[in-house]
Amino acid sequence: MPKQFLLNPDGSVPANANVELLTAAGIPLVIPTPMPREGGMVAVEQDPQQDADGVWRQVWVLQPAPEPEPEEAE
């Protein structure tokens, strides 16, 4: 996953963030999105995607949760 900088949920820049430095380094400013939740599934973050307006957004996909390891009896 490429480097990214998550903004505040409302899209504002967190205090003390150096936007010029991030931009010069090619690090996109990404609006966070809620992590999806579903029973038996695990949310996995993907590379951010840029929409038609040029806004970068965080992307999640749901994948089946791994089966738990069987416990060994003592």
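Miscellaneous remarks
- Of residues in segment 14-56 being charged (D, E, K, R) and under 12 Å from the mean Cα position of the chain (by Cα), the one nearest to Glu67 (Cα to Cα): Glu45
- Pick from segment 38-62, criterion surrounded by fewer than 10 Cβ atoms within 10 Å (Cβ to Cβ) and free of Cβ contacts under 8 Å to residues at least 24 places away in the same chain, ranking: farthest from Phe5 (Cα to Cα): Gly39
- Flag for Ala43 being out of contact with any Asp or Glu (no Cβ under 7 Å at 6 or more places or on another chain) and modelled with pLDDT of 95 or more: yes
- Yes/no for Met1 being within 11 Å of the chain's Cα centre (by Cα), among the aliphatic types (A, V, I, L, M) and at pLDDT below 95: yes
The values are calculated or read from the model by the stated rules, or taken from the named source; none is laboratory data. From a predicted model like this one, the values you see are computed outputs, not experimental measurements. Using ideal geometry, Cβ is built from the backbone for each residue, glycine included, and neighbour counts are taken over all protein chains shown.
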